[in-house]
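Report on the structure given below.
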Amino acid sequence: GENVEQHPSTLSVQEGDSAVIKCTYSDSASNYFPWYKQELGKRPQLIIDIRSNVGEKKDQRIAVTLNKTAKHFSLHITETQPEDSAVYFCFNAGGTSYGKLTFGQGTILTVHP
Amino acid sequence: GAVVSQHPSWVICKSGTSVKIECRSLDFQATTMFWYRQFPKQSLMLMATSNEGSKATYEQGVEKDKFLINHASLTLSTLTVTSAHPEDSSFYICSASLGLRSPLHFGNGTRLTVT
């Protein structure tokens, strides 16, 4: 993964609304697409990931969609709760080697009660 | 499974001294570990890839002589910040993975403050 663009940089929603964060990558050989959540001062934690043989994966309120043709993948959070407030990072690595591991720029999600 | 332990969690040192940070994979063998630096409200920036039994691969702009990395065993990688300066103050975090298509498992991070 060489170039990863993540948008938006900040996202503010009301509790119960949905949130969508998108990452665009450039390495067509990429085949693994995780999303990490990082709370203030803590380590990033994997919340969901998808591999290139599927287009969508869902885990309760969280889902990830992948569009390999357009080279982007998105994180969807439904029925947001205040505890969802954190920084979210997408991640991309080269398809056949570690190469240049790249995190997206991060999205600060704030869920207002 | 796949637990990564990082120590210390925070350290304060004087300018000019060196600080060593340890990263251990507790329940798996990690031939490759990664060291990141994170400034407040910014993303994680890869500093170097630590390879067991060989030299680390540093990212462009990262000084090899300043950030010494040693990966002497399959479960331990160390990052030594030499001759630390206030601008080295940051959050350093290590990670390891079981493979390219596997998640990164992160240590808790080390908050370094150089006075």
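A few points about this structure:
- Verdict on A:Ile48 being free of Cβ contacts under 8 Å to residues at least 40 places away in the same chain and either away from every other protein chain (no Cβ under 11 Å) or part of a strand (DSSP E or B) (or both): yes
- Note on the stretch A:27-40: residues that are farther than 17 Å from B:Ser97 by Cβ and either within 8 Å of chain B (Cβ to nearest Cβ) or open to solvent by 60 Å² or more (accessible area, probe 1.4 Å) (or both) total 3.
- Close pairs from the stretch A:17-33: first in contact (Cβ under 8 Å) with a residue 12 or more places away in the chain, partner among the hydroxyl-bearing types (Ser, Thr, Tyr) and open to solvent by 60 Å² or more (accessible area, probe 1.4 Å), Cβ under 7 Å, at least 6 apart: A:Ala29/A:Thr96
- Residue count, the stretch B:60-88 (criterion: buried (at least 17 other Cβ atoms within 10 Å of the Cβ) and not hydrophobic (A, V, I, L, M, F, W, C)): 5
- Criterion: among the β-branched types (Val, Ile, Thr), part of a strand (DSSP E or B) and open to solvent by 40 Å² or more (accessible area, probe 1.4 Å) - qualifying residue of A:Thr69, A:Thr24: A:Thr24
- A single entry from A:Val4, A:Val13 fulfils the requirement of being surrounded by fewer than 20 Cβ atoms within 10 Å (Cβ to Cβ) and either farther than 23 Å from B:Ala96 by Cβ or touching a Cys at 6+ places or on another chain (Cβ under 7 Å) (or both): A:Val13.
- Note on the stretch B:20-67: among residues that are aliphatic (A, V, I, L, M) and in a strand (DSSP E or B), the one that is farthest from A:Ala93 (Cα to Cα) is B:Ile21.
- Screening B:Ile12 on (1) open to solvent by 80 Å² or more (accessible area, probe 1.4 Å); (2) in contact with an Asp or Glu (Cβ under 9 Å, 6 or more places away or on another chain); (3) of a type in the set (A, V, I, L, M, F, W, C) shows it passes everything except condition (2).
- Within this structure, A:Asp49 fails the test of being more than 11 Å from the chain's Cα centre (by Cα) and either open to solvent by less than 50 Å² (accessible area, probe 1.4 Å) or modelled with pLDDT of 95 or more (or both).
- Condition broken by A:Arg43, with the remaining ones in (1) open to solvent by 50 Å² or more (accessible area, probe 1.4 Å); (2) at the interface with another protein chain (Cβ under 10 Å from one of its Cβ atoms); (3) in contact (Cβ under 8 Å) with a residue 24 or more places away in the chain satisfied: (3)
The values are calculated or read from the model by the stated rules, or taken from the named source; none is laboratory data. Small disclaimer: the values here were computed from a predicted structure and weren't measured. Please note: Cβ atoms are built from the backbone with ideal geometry, for glycine as well, and neighbour counts cover all protein chains shown. The area values use the complete protein model at the heavy-atom level, side chains included, leaving out ligands, DNA and RNA. Shrake-Rupley method; radii C 1.70, N 1.55, O 1.52, S 1.80 Å.
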